[in-house]
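Undergrad: Dumping the structure here so I can ask a few things about it.
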Amino acid sequence: MAIGEATMSIAVLGMWHLGTVTAGCLANKGYSVIGYDQNADTVAMLESRNLPVNEPGLSELIETGMKSKLLSFTSDPSAITECDIIWAAYDTPVDEQDRADVNFVLSSLEAIFPYLKEGALIIISSQLPVGTTSRLETRLREKRPGISVSFAYVPENLRLGKAIEVFNHPDRIVVGVRAERDKTLIAGLLQPFSDNIIWMSVESAEMTKHAINAFLATSVAFINELSGVCEHYGADVSEVEKGLKSDHRIGRHAYLRPGPAFAGGTLARDLKYLISFGRERELPTPLFLGVAESNELHKKWTRRKLEEALKTFKGKRVAVLGLTYKPGTDTLRRSEAVETARWLSERGAEVVAYDPAVKSLPATLEKIIRLCDGPCEILKGAHAVLLKTPWPEFKKLKAEDFAFLTDPRAVIDPGGFMSDTLKNQPGIVYVTIGGK
């Protein structure tokens with residue numbers, strides 16, 4: 001049975017960010033895809049073209065797939081009984097302490113065990129700790145002894161704001177398999193996306209996801225910690241960054257741009273995984289522990305600079321440019337901008353904000369943040385500006401747009417996003433991480 005023929009059917013499980021992108025991209029390549037989610041309300045939203053997440057290009061991708069009849073959605077697990085490939089793409093919930101709710105994904109997958117066909121292949125891309133695939137294989141044998149079902153692990157490569165582009169044009173795809181025969185099937189399935197496949201064992205693929213995120217987290221914490229040293233010795237960390245990236249052993253794409261602490265749960269989650277693995281086996285992990293601690297300390301940089309600039313917060317207005325935790329998403333959960341706004345409000349500051357992706361705020365945030373209709377509106381009368389989310393439209397702001405600020409006229413821009421416009425601008429106290 002050739003991949004791409006009408007007889008080949010794929011079920012993608014979990015219709016949230018990872019799942020909708022996966023389902024839409026597969027259907028766009030001509031595969032027959034069923035998007036399954038046990039939540040009927042989520043399915044109803046998708047069928048009415050109301051997406052549960054904000055991702056550039058996703059709405060059009062889903063619309064095209066549904067019009068072509070290659071993409072459909074269901075909350076009925078019996079719909080997957082004839083599917084040859086089951087692609088588990090549940091977004092693993094993460095709590096406020098960066099702990100993943102693995103049981104949600106496990107229970108969701110176990111719920112579809114009775115509907116698996118003989119010979120099916122289960123591809124797991126959900127963010128799960130190493131050893132989870134093995135646990136699922138054991139549970140399947142216990143519940144359906146004798147059934148022949150293969151498991152593979154393909155670490156998700158979801159990058160909010162660029163998810164479709166990255167899925168369709170990955171630089172490589174890591175795949176963990178149990179059996180050699182599954183390589184041919186998976187290589188054919190992924191051929192429209194990339195032929196650069198890095199094959200390994202399932203456990204190695206699971207660990208690779210932890211390793212990549214932990215390495216990225218280490219890079220972020222490293223440059224931010226170095227920034228603090230630069231500030232005290234007259235060095236400009238943005239210049240140091242260029243020096244680092246000029247070394248071919250590090251490279252120009254390294255995660256070495258000074259800015260806010262990493263947030264959103266992804267990098268921190270995998271750090272927590274590795275730290276917990278060490279504790280389980282009584283293995284010291286001082287580097288991973290140190291990265292997590294360094295990142296927590298760095299979260300205080302913005303607050304420290306605001307205190308230095310304003311002295312007191314009572315009666316002061318702080319304008320926040322950007323509330324989402326990164327551009328290209330409307331996600332407020334775990335946003336450092338929101339946490340900083342809450343901290344400012346608790347100290348008596350008036351907080352006004354603008355974010356192009358946020359049209360309304362939850363009731364709890366409406367009490368502490370006044371949402372405005374545009375960036376220029378929030379600048380009028382503000383004592384300080386805090387640039388938290390580097391949306392491209394903020395680059396259109398000119399120096400004269402900041403002329404209506406009130407003393408001390410401080411602009412706190414952790415990543416130096418507006419440096420070309422505001423650095424050395426008369427009358428503006430412009431502060432960046434690691435800048436002179």
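Undergrad: Taking 0.36 nm per intervening residue step and subtracting the Cα-Cα distance, what contour gain separates Met200 from Ser360 on full extension?
TA: Working: separation 160, 0.36 × 160 = 57.60 nm, distance 4.54 nm.
Length gained, Met200 through Ser360: 53.1 nm.
Undergrad: For the chain, take the longest principal axis of its alpha carbons; what is the angle in degrees between that and the long axis of helix 301-310, to the nearest 10 within 0 to 90?
TA: It is inclined by approximately 20 degrees.
Undergrad: Angle between the Cα long axis of helix 336-346 and the longest principal axis of the chain, 0 to 90 degrees, nearest 10?
TA: For helix 336-346, the angle is close to 50 degrees.
Undergrad: Then there's this: In degrees from 0 to 90, rounded to the nearest 10, what is the angle of the helix 202-233 Cα long axis to the longest principal axis of the chain?
TA: Long axis of 202-233 versus the principal axis of the chain: about 10 degrees.
Undergrad: Using the beta-carbon distance between Arg49 and Tyr255 and R0 = 45 Å, what value does 1/(1 + (r/R0)^6) give for FRET efficiency, to the nearest 0.05?
TA: Details: r = 36 Å, r/R0 = 0.80.
Once rounded, the FRET efficiency stands at 0.80.
Undergrad: Quick one: grab the alpha carbon gyration tensor of the range 209-298, order the square roots of its eigenvalues as a ≥ b ≥ c, and give me rounded if a/c is under 1.5, else prolate or oblate depending on whether a/b is larger than b/c.
TA: Working: a/c = 2.28, a/b = 1.77, b/c = 1.29.
Judged from the Cα gyration tensor, the range 209-298 comes out prolate (a/c at least 1.5, a/b above b/c).
Undergrad: By its C-alpha gyration tensor, with a ≥ b ≥ c as the square roots of the eigenvalues, how is the range 1-125 shaped: rounded for a/c under 1.5, else prolate for a/b larger than b/c, else oblate? Please report the intermediate quantities before stating the final value.
TA: Working: a/c = 1.75, a/b = 1.12, b/c = 1.56.
Cα axes put the range 1-125 in the oblate bin.
Undergrad: Between Asn103 and Thr64, what is 0.36 nm times their sequence separation minus the Cα-Cα distance? Round to one decimal in nm.
TA: This chain segment gains 10.7 nm when fully extended.
Undergrad: Follow-up. What percent do you get for the relative contact order of the range 301-431 when only Cα pairs under 8 Å and 6+ apart count? Please list the in-between numbers first.
TA: Working: 239 pairs, mean separation 34.3, N = 131.
Taking the mean separation of contacting Cα pairs over the length of the range 301-431, I get 26 percent.
Undergrad: Tell me, what is the percent relative contact order of the range 9-200, built from C-alpha pairs under 8 Å that lie six or more residues apart? Spell out each step's value before the answer.
TA: Values: 336 pairs, mean separation 37.7, N = 192.
Across the range 9-200, relative contact order equals 20 percent.
Undergrad: For a quick protection proxy, order the peptides 254-262, 113-121, 84-92 by their average other-Cβ count within 10 Å, most packed first. Intermediate values should be presented prior to the final figure.
TA: Numbers: 254-262: 20.3, 113-121: 16.0, 84-92: 23.0.
Listed from highest to lowest mean packing, they are 84-92, 254-262, 113-121.
Undergrad: Which entry is the computed Cα extents along the principal axes in Å for this structure: [x] 87, 46, 39; [y] 68, 51, 41; [z] 73, 49, 36?
TA: Matching the structure shown: [z].
Undergrad: List, in the order given, every pair from Lys242/Lys311; Lys67/Lys209; Lys300/Lys398; Lys316/Lys398; Lys326/Lys395; Lys29/Lys359 whose Cα-Cα distance in the structure shown is over 26 Å. Please report the intermediate quantities before stating the final value.
TA: Working: Lys242/Lys311 34 Å; Lys67/Lys209 35 Å; Lys300/Lys398 28 Å; Lys316/Lys398 23 Å; Lys326/Lys395 15 Å; Lys29/Lys359 34 Å.
Over 26 Å Cα-Cα: Lys242/Lys311; Lys67/Lys209; Lys300/Lys398; Lys29/Lys359.
Undergrad: What distance in nm separates the simple spin-label points at Lys396 and His169, each placed 7 Å from Cα in the Cβ direction?
TA: So the label points at Lys396 and His169 sit 2.5 nm apart.
Undergrad: Can you tell me the relative contact order of the chain? Whole percent, Cα pairs under 8 Å, sequence separation 6 or more.
TA: Numbers: 798 pairs, mean separation 50.6, N = 436.
This gives 12 percent for the chain.
Undergrad: Could you tell me what % of all Cα pairs in the range 347-423 have separations over 22 Å?
TA: Working: 615 of 2926 pairs.
The proportion of pairs with Cα distances above 22 Å equals 21 percent.
Undergrad: While we're here: When a/c reaches 1.5 or more, the comparison of a/b and b/c decides; with that in mind, is the range 70-118 rounded, prolate or oblate per its Cα gyration tensor? Could the numbers behind the result be given before it?
TA: Working: a/c = 2.95, a/b = 2.06, b/c = 1.43.
It is prolate, given that a/c is not under 1.5 and a/b is the larger ratio.
No lab work stands behind these numbers, since they all come straight from the coordinates. What you see is a predicted model; the values in this text were computed from it and never measured. Heads up, the Cβs are rebuilt from the backbone with ideal geometry, glycines too, and the neighbour counts pull from every protein chain shown.
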